[in-house]
1. Pull up segment 98-127, narrow it to residues that are assigned to a strand (DSSP E or B) and touching an Asp or Glu at 6+ places or on another chain (Cβ under 8 Å), then point me to the one that is surrounded by the most Cβ atoms within 10 Å (Cβ to Cβ).
2. Against the condition more than 15 Å from the chain's Cα centre (by Cα) and over 13 Å from I43 (Cβ atoms), how does F338 come out, does it pass?
3. If you check D97 against the conditions, is it of a type in the set (D, E), touching a strand residue (DSSP E or B) at 6+ places or on another chain (Cβ under 8 Å) and modelled with pLDDT of 95 or more?
4. In the list L226, L235, which residue meets the criterion of being part of a loop (DSSP other than H, G, I, E, B) and within 28 Å of A87 (Cβ to Cβ)?
5. Could you tell me whether any residue of segment 265-281 is among the basic types (K, R) and farther than 18 Å from V327 by Cα?
6. Scan (1) within 15 Å of N109 (Cα to Cα); (2) within 27 Å of the chain's Cα centre (by Cα) for the single condition S182 breaks and write down its number.
7. With the structure loaded, tell me whether G90 is farther than 21 Å from S199 by Cβ, within 20 Å of the chain's Cα centre (by Cα) and either without any contact (Cβ under 8 Å) to a residue 24 or more places away in the chain or assigned by TED's automatic domain parsing to the domain that holds R213 (or both) or whether it fails that test.
Amino acid sequence: MSRHSGTTKYVVVIGDGMADYPVEHIGGKTPLEAAQTPNMDRIATCHTGLVRSIPKGMEPGSDVANLSFMGYDPVACHTGRAPFEAASMGVTLGSSDVAFRMNLVCLKNVSDGKIIMKSHSAGDITTAEAAQIIKDLRQKMRLPAGVMIYQGVAYRHLIVWKDGPESTRTIPPHDVLDQDMSSYLNKEVDDAIVKLIRSSWQYLENHPVNLARRAENLPEANSIWLWGQGRAPKLQNFNERFGLKGGIISAVDLLKGIGICAGLKPIDVEGATGYIDTNYRGKADAAIRALEQLDYVFVHIEAPDEAGHSGNADEKIRAIEAVDKEVVGNILKGLAKFEDYRIMVASDHFTPVSKRTHTDEPTIFAWADKKQLERDEEKNGTNKKSISGFTEKAALQSGLFFEHGYNLAKVFIKSED
């Protein structure tokens, strides 16, 4: 029997990449253990556990992980990351089109011939700076036939390549930070993608944006980088799948695109940046407003993941605390007016600060419904951080585990308790 009814509201809050390993300089704790997270701890007293959001053999990307949390099997429906980003940008892919994520990155040539990936984000280049670069690349760069460049946000952009090299191996740049990429970028390699990457260098080396960044000793956007390619995906409509009208809130094109492909309504929030300075409270308020008309809202916050990629544990703690206080806390307050609700908080995957990239082990989640939280509040009052809180260790010790991530979403929506 399905648990949900017209009076039940559902919220999923994803703190991207919150899960982590113990960090020596914060006392051997994980950022989640070190952070003050009373609201997520409170939810975890009801149900917490681990879920394999990344199926075995798949790359640990946010596309794969968040498909799982939305209730889809990535093995069956994932074609690549870039097609979802294309959907978010309003770019329709034809049957022969292959979409690629195109990062603006910073490469560093060193004396022994190595080419080091210094920054997957060109030092967090701004959208305004990127717009100048993308405009000039479109006008001046000699692109292969059938290739179109589309501007996105900050360092994240899109290439659509008619009959493009879909099966060629590509590498997510955030997976190879500070690594030598010279063998991959070897000019002797007969690879259309590598040739396109290399061809961007002459246009970017002395671009006015890079000259200005060089003068300020900032990482330059001195290369494009193609990865995450695929053709248009086919997802069952979320409403057909679960009987719920839903929306999605995220500053990241990838997440918006997944939502659009699933039939979720994209909800824009002013000041949502995808970084530590994002409008956390605005996301919470937008979620509650949306639930006046919708049954389900998926709220995604990118900031913890960006801190993980930067290797900055202190910033990750700040991001986690902001997610807890400004997003989860205010959503819980707003949900109180509804007759019934259920809320889940989760880290879509691990992004350890020690590795500065995603890893694929089972990740942490917690959920609760209105009655459970009311009973817990009457019994225990304000919950303090403990082994029973929202931590990796508590999730492991709970013994609750979902081998298939999409089954967690089904249980969250349809179970009786």
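1. So the residue we want is A99.
2. Taking the combined requirement at face value, the residue satisfies it.
3. Yes; evaluated as a whole, the condition is true for this residue.
4. L235
5. Yes: segment 265-281 contains one or more residues that are among the basic types (K, R) and farther than 18 Å from V327 by Cα.
6. It fails just one condition, (2).
7. yes
So that you can scan it fast, the table gives a plain yes or no per residue for (1) in a helix (DSSP H, G or I); (2) of a type outside the set (A, V, I, L, M); (3) closer than 22 Å to V297 by Cα; (4) touching a His at 6+ places or on another chain (Cβ under 9 Å):
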residue: L32; (1), (2), (3), (4): yes, no, no, no
residue: P55; (1), (2), (3), (4): no, yes, no, yes
residue: N66; (1), (2), (3), (4): yes, yes, yes, yes
residue: Y72; (1), (2), (3), (4): no, yes, yes, yes
residue: T79; (1), (2), (3), (4): no, yes, no, no
residue: A86; (1), (2), (3), (4): yes, no, yes, no
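The values are calculated or read from the model by the stated rules, or taken from the named source; none is laboratory data. Quick caveat: nothing in here was measured; it's all calculated off a predicted structure. Note that each Cβ is placed from the backbone with ideal geometry, even for glycine, and that neighbours are counted across all protein chains shown.
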